[in-house]
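Read-outs: derived from the displayed coordinates by stated rules, not from any lab. In this text the structure is predicted, and so the values were computed from the model without any measurement. Note that we place each Cβ from the backbone using ideal geometry, even for glycine, and neighbour counts take in every protein chain shown.
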Amino acid sequence: GGTIGILGGGQLGRMLSVAAARLGLKTHVFEPGANPPAGDVAHAVTTAEYDDATALEAFAASVDVITYEFENIPTAALDLLERHRPIRPGREALRVSQDRLTEKTFLSDLGLGVAPFAAVDSAEDMAQAIEMIGVPSILKTRRFGYDGKGQVRIDSRETAGSALDSLAGAPAILEGMVDFTSEISVIGARSSRGDVAAFDPGMNVHVGGILRTTTVPAPIPDSLRTDAVLLAGRILNALDYVGVMGVELFVTPAGLIVNEIAPRVHNSGHWTQNGCTVDQFEQHIRAVAGWPLGDGSRFADVQMENLIGDDVSKIPALAAEPDTALHLYGKAEARPGRKMGHVNRVQRDERAASG
Ligand code: ATP
Ligand code: MG
Ligand code: MG
C-alpha cells in the first residue's frame, strides 16, 4: 500500500491517479481550482491555494511521497512540503525547468545543443539580443509559459520593441528560430536506484503552439533515435532524477537541438497508454513509489491526436472507429484551446496478430 500526493489535478494528475490505482496505490491530489479532472479518480482531493500552509501540511501528512503534474509550483510551498515528505522528481529538476533561462544554461553546460539564447529584461537587453541572435527569433517569458502562451515571433528587427511590450515587463528570453526538419520528444524515466529507461521517440506536430499529434515510430534514422535516447539519459542522470521526464527536441541537419524539458509526464507520451505494456503514467508512479521501472518497449505503431476545444463534437464518430482508444478528461466545458481528451490510433504489429 501507500499514498502518493500529486500537486495539480488536471488531466495529467488524473491519468497518474488511474495508474496508481491499478498498482493498488492511493492518490491524494492538491489543486486550487474547483472540480479538477483528477478529482473523479483520486482517493482524496484538497482544494486549497499554494499559500495555505495549514492545508499543505495536512496534505503532506496524509501521503508517503509527493509528485506533481506541472512545474510551476511556488517555491515556498515546495519548501514547506519538503520539510515533511520527499518530493520526486527532486527540487533540482524543478529549479532548472521552472525558468527557460536556467534550463537553457543547464542544457548547454551539459554540452547539449540548444537554440542561441539571451536574457531580456529591458529594451537595452532586447536591442543587444537582437543584434547577437538576429531574426527570425522568438521572444518567450522565462516562466509560466505553456501551449505557446507568452511567446511572440519576431520576423523583422523593427517589431522587436512591440514584441517586448507585448510581454508587459515579464522577464524574457530571446531564442534564435531553429530551422528544424521535424520535432520529436523522448519520454525518459529514472528509478530511485538510478536505472534509466526511455520510450521510443515520437514525432510531434504543433498547431498554433499546441501539440496536435504525436506519431510513433518517428520517421527518423535509427542513429538519431539512439542519440535522442542517450541525450535524455544524460539529462536524467545529471539531475539525479526520479520519475518520468519529457524532453522536446528539434531535428536539424546538424543533429538534435533540445527545445525544452518537462519534469513530469508529458502530452507527447500519451501514445504509450496503448503502445506499451507499461505506459508513462505507470512508469512515473513506479519511479516515485520506489518500484523498479516497468517494460516500456513499444509493441504497436500509434498516432496520438489531442482533442482540443470543439473537437469534442468528433467524439461520437471517434468512439465508433476501429483500433482507436479514446481518453477523455471529464472536463465539462470545451473552451477554445482547452485539451479535452486524446485518441490513440493503434496499428498492431503484424507479428503479434499472426503469432
Ligand atoms: P509546451 O506546451 O510544450 O510546454 P511551450 O509553451 O513551453 O509549450 P515551446 O515548447 O517553447 O512552448 O514552443 C512551442 C512550439 O513553438 C515548439 O514546439 C516549436 O514548434 C515552436 N518553437 C519554440 N521555440 C522555437 C525555436 N527556438 N525555434 C523554432 N521553433 C520554436
Ligand atoms: Mg513548455
Ligand atoms: Mg514545448
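Grab the Cα-Cα distance for residue 83 and residue 193, subtract it from 0.36 nm times how many residues apart they are, and report the gain in nm with one decimal.
Full extension from residue 83 to residue 193 adds 37.4 nm.
Once you sort the root eigenvalues of the Cα gyration tensor of the stretch 284-355 as a ≥ b ≥ c, which label holds: rounded (a/c under 1.5), prolate (a/b larger than b/c) or oblate (the other case)?
oblate
Efficiency by 1/(1 + (r/R0)^6): what FRET value for residue 317 and residue 124, r their Cβ-Cβ distance, R0 = 41 Å, to the nearest 0.05?
Here the calculated transfer efficiency is 0.15.
Calculate the dipole size of the chain relative to its Cα centre from +1 charges on Lys and Arg beta carbons and -1 charges on Asp and Glu beta carbons; express the result in debye to the nearest 20.
Using Cβ point charges on Lys, Arg, Asp and Glu, the chain gives about 700 debye.
Along the positive direction of the dipole of the stretch 109-230 (beta-carbon charges: Lys, Arg +1; Asp, Glu -1; about the Cα centre), which of 148, 178, 116 reaches farthest?
My answer, from the dipole projection, is 148.
For the residues 177, 126, what sequence is obtained by ranking on other C-beta atoms within 10 Å, fewest first?
177, 126
Would you mind ranking 67, 141, 181 so that the residue whose beta carbon has the fewest other beta carbons within 10 Å leads the list?
181, 141, 67
If the limit is 27 Å between Cα atoms, which of 140/339; 26/331; 104/149; 149/331; 140/331 go over it?
In this structure, 140/331 exceed 27 Å between Cα atoms.
Rank these for me by crowding, 340, 304, going from fewest to most other beta carbons within 10 Å.
Starting with the residue having the fewest Cβ neighbours, the order is 340, 304.
With θ taken as phi - 60° and the coefficients 6.51, -1.76 and 1.60, list the Karplus ³J(HN,Hα) couplings across the stretch 123-137 in order, rounded to whole Hz; mark glycine and proline as x.
After applying 6.51 cos²θ - 1.76 cosθ + 1.60, I find 5, 5, 4, 4, 4, 5, 5, 5, 4, 6, 9, x, 10, x, 9 Hz.
In vacuo Debye scattering of the stretch 213-355, one point per C-alpha: log10 I(q)/I(0) at q = 0.12, 0.15, 0.19, 0.22 Å⁻¹?
Each listed q maps to, in turn, -0.59, -0.91, -1.28, -1.42.
Give me the three principal axis extents of the stretch 105-235 from the C-alpha atoms, as integers in angstrom, largest value leading.
Ordered largest first, the stretch 105-235 gives principal extents of 46, 31, 24 Å.
Among 37, 167, 209, flag the residue with its Cα farthest along the positive direction of the charge dipole of the chain, charges on Cβ as +1 for Lys/Arg and -1 for Asp/Glu.
37
Please state the relative contact order of the stretch 3-87 as a whole percent: Cα pairs under 8 Å, 6+ residues apart?
33
Could I have the simple spin-label model distance between residue 206 and residue 158, label points 7 Å from Cα toward Cβ, reported in nm to one decimal?
2.7
7 Å from Cα along Cα→Cβ at both residue 105 and residue 53: what's the point-to-point distance in nm?
Each label point lies 7 Å from its Cα, and together they span 3.0 nm.
What percent of all Cα-Cα pairs in the chain falls into each 10 Å bin, going from 0 up to the bin containing the maximum distance?
Histogram of Cα-Cα distances, whole percents per bin: 5, 24, 33, 26, 10, 1, 0.
Is the shape of the stretch 53-112 best called rounded, prolate or oblate, per the rule: a/c under 1.5 gives rounded, else a/b larger than b/c gives prolate, else oblate, with a ≥ b ≥ c the square roots of the Cα gyration tensor eigenvalues?
Prolate, because a/c is 1.5 or more and a/b exceeds b/c.
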